[in-house]
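Below: the structure, in structure tokens.
The values are calculated or read from the model by the stated rules, or taken from the named source; none is laboratory data. These numbers come from a predicted model, not from an experiment. Ideal geometry is used to build each Cβ from the backbone, glycine not excepted, and the neighbour counts take in all protein chains shown. Areas reflect the complete protein model, heavy atoms only, side chains present, ligands, DNA and RNA absent. Shrake-Rupley method; radii C 1.70, N 1.55, O 1.52, S 1.80 Å.
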Amino acid sequence: PAAGTTGTTALPDLPIPASAAFDVDDGTVHPARAFSMAGASATDRARALQCLASAIYYEAASQSDDGQRAVAQVVLNRVMHPAFPDTVCGVVYQGSERASGCQFSFACDGATARPPGRAAWDKALRIAAAALGGHVFAPVGLATHYHTYAVTPAWNRQLVMTDAIGAHLFHRWAGYWGTPA
């Protein structure tokens, strides 16, 4: 993906339950459920904190607190969505083994070679810790994708925009895959 974008991945080949009742065209943004690491080991919690803080820092360090919270929420929304890996680090670094497959551009573009600034890193850690502790940033709802104003990726035309915060536009999938179910 171009710098400042997050990629998309194909929807999993899972059936939509026949009993699924949803209205995706009601114009509302449904907040995600709180993320929980209950039962995770101290090592897993530390890894998740490091990976989420890295995503926040390298994707949104220059953004407002809300812009950074929104990026954190997208990562956690992906962790809770069946189309993505089920760990924070798995989501953040998905596709990084391929030169052009990163879901988050910083994981492939060499950005991590720049050491983070202390104050901005500490802020990213605080926001990541709050998100991992169950804080939900409701304005982006169930968004699993975002991109900057500077690019218009082809995949965004297939998604529903949930919010615009700072330099980023946030999107969720249309239809059943964009619902809380």
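Ranking request for peptides 164-174, 113-123: highest mean number of other beta-carbon atoms within 10 Å first, then the rest in descending order.
So the peptides 164-174, 113-123, ranked by packing, come out 164-174, 113-123.
Give me the distance in nm between label points sitting 7 Å out from Cα along the Cα-to-Cβ direction at THR28 and SER41, one decimal.
4.1
Under the rule a/c < 1.5 gives rounded, and otherwise a/b versus b/c splits prolate from oblate, where does region 32-181 land using the Cα gyration tensor? Display every interim value, and only then the final one.
Working: a/c = 1.34, a/b = 1.12, b/c = 1.19.
Verdict is rounded for region 32-181.
Given contacts defined as C-alpha pairs under 8 Å and at least six residues apart, what's the relative contact order of region 115-181, whole-number percent?
The normalised contact order for region 115-181 reaches 29 percent.
What is the percent carbon and sulfur in the accessible area of region 83-181, measuring with a 1.4 Å probe over the protein chains and ignoring ligands?
Looking at region 83-181 in its full context, I get 56 percent from C and S.
Kindly report, to the nearest 10 Å², the accessible surface of ASP44 as traced by a 1.4 Å probe over protein heavy atoms only.
It works out to around 70 Å².
Jot down the per residue volume, in cubic angstrom and as a whole number, of the convex hull over the alpha-carbon atoms of region 91-131.
Once divided by residue count, the hull of region 91-131 is 70 Å³.
At q = 0.11, 0.21, 0.22 Å⁻¹, what is the base-10 log of I(q)/I(0) for region 101-181 according to the Debye formula with one equal point scatterer per Cα and no solvent? Please give it to two decimals.
After summing over all Cα pairs, the log10 values are -0.39, -1.21, -1.25.
Work out how far the C-alpha atoms of region 27-82 reach from end to end along every principal axis, then list the three figures in whole Å, largest first.
Cα extents, longest axis first: 37, 28, 18 Å.
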